[in-house]
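Working notes for the structure below.
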Amino acid sequence: MSGQPPHPALLIPGPIEFDDAVLQSMSHYSESHVGQPFVNTFGEVLSMLRKLFQTSDPASQPFVISGSGTLGWDQVAANLVEPGDEALVLHTGYFADSFADCLETYGVKATQLKAPIGDRPQLDEVEKALNEKMYKLLTVTHVDTSTGVLSEIKALSELVQRVSPDTLLIVDGVCSVGCEEIKFDDWKLDVVLTASQKAIGCPAGLSILMVSGRAIETFKARKTRPTSYFGSWKNWLPIMQNYEGKKASYFATPSPQLIRALHTSLTQILSRPLDQRFAEHKAASQKIKKAVIDLGLKQLASKPENQANGMTAIYLPEGITPPDILPSLMKKGVIFAGGLHKDIAAKYIRLGHMGVSVTDPTRPDIDKAIKVLKEGLTEVGYKA
């Protein structure tokens, strides 16, 4: 049983529920960020991230910097492209708009390839776009948290390698790393960016990236200095390399407590085969999606191949809005999230099923979410 005070199960698409041991790591006594005990812990975190992302290439580089997942966009925009460069942004929801806006903030020309709500750009559409002009990079949201749409990264990578091999492939994995399969080396990815508070199962506050050797060389070859100071790899690359080598280094103060918590969560994740973890998330996802169908409801991602394994976006019945049902669900012990996509925010809710809510067999979170959703809909007059 958890030692945490009783509270509604937080089943939004991040932050998620945290394991007791992870939270206990946050209460570690204060320590120097350049002291050897902390340096050793940080170095181990960076090494473990290589295993999580499935890379053994010594030329690739993990980064862990204080900030949210959004800082990952800034790092990409500040370090890998220069003003006037072209970027192709594959759009599956709210977060593609935001990534494009970030790129444009840094003077990059961002072209969005949009799909209908609940779908993803098709490979032939991507190929056509790549043939029309040279893009410095292509960005894709692996799981868009606003729609629950899953993008197929392996096939996309193969397409980019065939049609435009000089284009860097950037994956926004904020809502996928830890619950969706990612093979950094095998799929020849250039950047996967994520954050600590979703499927990795650590409190919010860390921007986490895995960067390929090719992307590092692209950064080193840029003609202008990075247009961010805090996010500049000129400042952070030697820090990360030193920490991984167990050598004290300093540019900006990290959060020792968050790094300790990340160390604990990564240790837990890597204590079992990753394939088993991904299979558990898929099984939980299928259980929830079957329940949605049984209730006579529809998902934003209507095609099975577009459906994420770590979250589900569910259309509400006609005439019911999120404020009509979310407070009731919370009182029954489960916190769902409202809609986020600006065009349909009042028509749907979102359920996150990641991390310990899925992998800890003592937690009733998934079954409870299904039960209270059915009860809540019944109370507002819906009949399945």
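Values in this text are rule-based calculations from the coordinates and carry no lab data. Model, not experiment: these values are computed from the prediction. Cβ coordinates were reconstructed from backbone atoms using ideal geometry, including for glycine residues, and neighbour counts include every protein chain displayed.
Just for the chain, what percent of DSSP beta bridges are antiparallel, to the closest 5? Working shown, then result.
Values: 23 of 44 bridges.
Within the chain, antiparallel bridges account for around 50 percent of the total.
Note: the range 326-384, Cα convex hull, 91 Å³ per residue. The ellipsoid equivalent to the alpha-carbon distribution of the range 96-241 has semi-axes of 23, 20, 15 angstrom, derived from the gyration tensor eigenvalues as √(5λ) and listed largest first. The relative contact order of the chain, computed from alpha carbon pairs under 8 Å that lie at least 6 residues apart in sequence, is 25 percent. Taking Lys and Arg as +1 and Asp and Glu as -1, the other residues whose beta-carbon sits under 14 Å from that of Ile335 total +2. Highest mobility in the GNM of the chain, judged by mean-square fluctuation with C-alpha springs under 10 Å and restricted to Ala221, Ala252, Ala204, is found for Ala221.
Taking a straight Cα-Cα cut-off under 14 Å and skipping sequence neighbours fewer than 8 places away in the same chain, the aspartates and glutamates within cross-link reach of Lys198 are Glu17, Asp19, Asp144, Asp172, Glu180. In whole Å, what is the distance between the alpha-carbon centres of the range 258-300 and the range 189-211? After rounding, the separation between the Cα centres reads 16 Å. Counting charges near Lys374 (Lys, Arg +1; Asp, Glu -1) among other residues having Cβ under 12 Å from its Cβ returns a value of 0.
Distance from the alpha carbon centroid of the range 328-384 to that of the range 31-87 works out to 33 angstrom.
Could you pull out the pairs from Lys282/Lys332; Lys188/Lys289; Lys136/Lys298; Lys183/Lys368; Lys282/Lys368; Lys51/Lys109 whose alpha carbons sit more than 29 Å apart here? Don't skip to the answer; put the middle values down first.
Working: Lys282/Lys332 25 Å; Lys188/Lys289 31 Å; Lys136/Lys298 38 Å; Lys183/Lys368 33 Å; Lys282/Lys368 18 Å; Lys51/Lys109 34 Å.
Lys188/Lys289; Lys136/Lys298; Lys183/Lys368; Lys51/Lys109, as the Cα separations exceed 29 Å there.
So for the range 9-124, what percent of the C-alpha to C-alpha distances run longer than 18 Å? It would help to have the intermediate numbers written out before the result.
Details: 4686 of 6670 pairs.
Roughly 70 percent, rounded to a whole number.
Taking a straight line from the alpha carbon of Lys246, these aspartates and glutamates sit under 13 Å away, with near neighbours fewer than eight places off in the same chain left out: Glu44. Neighbours of Lys136 by Cβ distance under 12 Å: Lys/Arg scored +1, Asp/Glu scored -1, total -2.
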